[in-house]
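Undergrad: Just dropping this structure here.
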Amino acid sequence: MKNQNVSLKQLSSCKRRTLSFVSIGFLVANAASFPAAASAFVHPIATSSKASAMQQQRFIINTFPLKKEPTKHLLQTKLMSNTNGSDESNNNYPLEPKTYSQRWVQLAYLSILALLSDWICFSVAASPDSFEHAYPGASAANLIDIFLFTNVASCFFVTDVVTKFGLGKSIKGAAALMSLGCLMRSGIPDLSWLGGSEIVHAADIVQSVSQEVIEVLPDGISDLVDTSTLTEASRVAGLEPYGLLVLGTIFVGFAQPYFQCTPPMLSATWFASNERATATATALNFNQIGIAVAFLVGGSMANNEVGIHSYFGLITLLCAVTTIGTVLQFQEKPPSPPSKSEIEKLVRGEKEPPFLESVKKLFSTKGFSIPLAAFICSISITNIVGTFIDEVMERGGVTDQLGIDLAGAGFELAILVGGIVIGGYVDKTKQYKPVTLACLLATMFFVIPLGLTDHMIGNEPVLLVAALLGLGLACGPIQPINAELAVDVTYPSDETAVESVQQVGGNLVSALMVPVAEWALNQDYEFFKQIRPLDSDIRGDVLLLFTIAAVTLVYFSTFDAPLMRSEADEEEGDDDSVVVDVAAAAS
């Protein structure tokens, strides 16, 4: 089993080679901000037929509380026509913050697309020897590098594309591109298991048409699909040529940023103020599940050429089904905004400055640097633990590769579960500070067993795995919680700009910390030598992680910035309506 699998450490080494490039990509990719399209939320109002187009003006009067229902904020839309100085039409109707069940459909599709994209990226990482046997001269690590470099290139375009075409069209287009890439990697999947001669016949027709198209392609393109480069076993199994496999991987890599850079926008556009942290945590962390699935499913299926072909075909089918659902069900925006803060932001017609100017503004805002530090702490610890998962597990007595892969998958799953559960609590209470402090304290507690060996007790694999899962549950949620906190304190800043700064900071610090941790893991420090029951040693990398969490805990305890977005959501003051020209705000 050992020679058939690549460890999480080897996987992370591929990611580290492109980490600095990814950071640059995030900086450029998010240079544009989410536009305020207030007019999309304003329904037409019947007007007097006597009023001309030039005389009619559409206004939004800012939110105000109802006297009988002080917690319910309404948005009053008023169409005024002025003929000879008098109002001939005065039609009013209320628009209050409202959420729709469609939001869960939106979140589900974005999360599943993120999962699939990372699954495809690391699909052959669990069986590198089988892959290299099927494609002599190629390597799983190089294919992952190609994917990641393409991901970086795509980051330069994603923000402008989403701004121009909208979230809905961008996600649908990226899903279709990912499905096309999967089809290139797998060829026409074997559908005989579905039963029915019509399905099998249709697949044969598509295959024959594909061969006819290949025959008329220019030489430079036809070389990509030349099966003569395959081994006999690969041809018999139905594998696609390596050039087509690479091209498909590039397509998927180009699509992935559209699923990973947009969760904050989705949360703000569709979710209520008491749901945003949960939504952001789910969408941001679902790619971790994709990595776990790649190890679990890929390790069991992709053991030979036939298995690889079936494995790629399975991914293509799942991606195609998800894409069809996305095209049919994924929407651009809800009929009305989900929160008062989102209404006010849209009504104001906030126009975000270029990204670098936004960075200066963010760092000049009170309280922004503290959630940034917590975010960096969390991503650094989880990255370092994932990078050296082999050493962590082997030191604790888990030595077989399957056990290591299962432990790594459990760690990734714990990050997702912790984000959803703890993020849900923060959504309801807005207790960002006490929850983050508790998570940091728990992180310090759970990180110790990962590198501690009591000489009297010896290795305790059960304790080690429990500590690893506890660390995922405690440390993982710090990222989405503090992503939402940073947005809260900097409101009405652009969510995408905030998230990009945190991602760049986390990736840069992780890149710097990984080599330090790699040196520290070879350093052992012994304590209580003279007290036999307490005599133990601890590894240096664990002390490093403990110190990072401790310093962040002390720094985060100084947080006292106002929660601007939460205050906007809960404001119940007197009527201080402000008339805003929506047409101007949306232009």
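Undergrad: Regarding L413, is this residue among the hydrophobic types (A, V, I, L, M, F, W, C), closer than 24 Å to N287 by Cβ and open to solvent by 10 Å² or more (accessible area, probe 1.4 Å)?
TA: So L413 fits the description; yes.
Undergrad: Please specify each residue of the stretch 525-553 satisfying the condition of being at pLDDT below 65, outside any helix (DSSP H, G or I) and open to solvent by 30 Å² or more (accessible area, probe 1.4 Å).
TA: F528, K529, Q530, I531
Undergrad: Out of all the residues in the stretch 370-383, is one or more closer than 30 Å to G505 by Cα and either in contact with an Asp or Glu (Cβ under 6 Å, 6 or more places away or on another chain) or not in a helix (DSSP H, G or I) (or both)?
TA: No; the residues of the stretch 370-383 include none that is closer than 30 Å to G505 by Cα and either in contact with an Asp or Glu (Cβ under 6 Å, 6 or more places away or on another chain) or not in a helix (DSSP H, G or I) (or both).
Undergrad: Another question, then. Report yes if some residue within the stretch 136-147 is part of a loop (DSSP other than H, G, I, E, B), open to solvent by less than 20 Å² (accessible area, probe 1.4 Å) and farther than 18 Å from F259 by Cβ; otherwise report no.
TA: Looking through the stretch 136-147, at least one residue is part of a loop (DSSP other than H, G, I, E, B), open to solvent by less than 20 Å² (accessible area, probe 1.4 Å) and farther than 18 Å from F259 by Cβ.
Undergrad: Return the pairs, sorted by first residue and then second, in which the second residue is of a type in the set (K, R) and open to solvent by 40 Å² or more (accessible area, probe 1.4 Å), the first residue lies in the stretch 312-332 and is farther than 15 Å from L115 by Cβ, the beta carbons are less than 9 Å apart, and the residues are 6+ apart or on different chains.
TA: The qualifying pairs are V327/K172; F330/K172; E332/K169.
Residue-wise test of (1) surrounded by fewer than 22 Cβ atoms within 10 Å (Cβ to Cβ); (2) not acidic (D, E).
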residue	(1), (2)
E232	yes, no
V236	yes, yes
Y242	yes, yes
V246	yes, yes
I250	yes, yes
Q256	no, yes
M265	yes, yes
A268	no, yes
A272	yes, yes
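Undergrad: Going by the structure shown, is S336 buried (at least 22 other Cβ atoms within 10 Å of the Cβ), in contact (Cβ under 8 Å) with a residue 24 or more places away in the chain, farther than 26 Å from C182 by Cα and not hydrophobic (A, V, I, L, M, F, W, C)?
TA: No: the conditions fail for S336.
Undergrad: Quick check on this structure: which one of I343, I315, I308, I324 is of a type in the set (A, V, I, L, M), under 20 Å from A174 (Cβ atoms) and open to solvent by less than 40 Å² (accessible area, probe 1.4 Å)?
TA: Selected residue: I315, the only one of I343, I315, I308, I324 that is of a type in the set (A, V, I, L, M), under 20 Å from A174 (Cβ atoms) and open to solvent by less than 40 Å² (accessible area, probe 1.4 Å).
The values are calculated or read from the model by the stated rules, or taken from the named source; none is laboratory data. This is a predicted model, so every value here is computed, not measured. Backbone-built Cβ (ideal geometry, glycine too); neighbour counts: all protein chains shown. Only protein heavy atoms, including side chains, enter the accessible area calculation; ligands, DNA and RNA are left aside. Shrake-Rupley method; radii C 1.70, N 1.55, O 1.52, S 1.80 Å.
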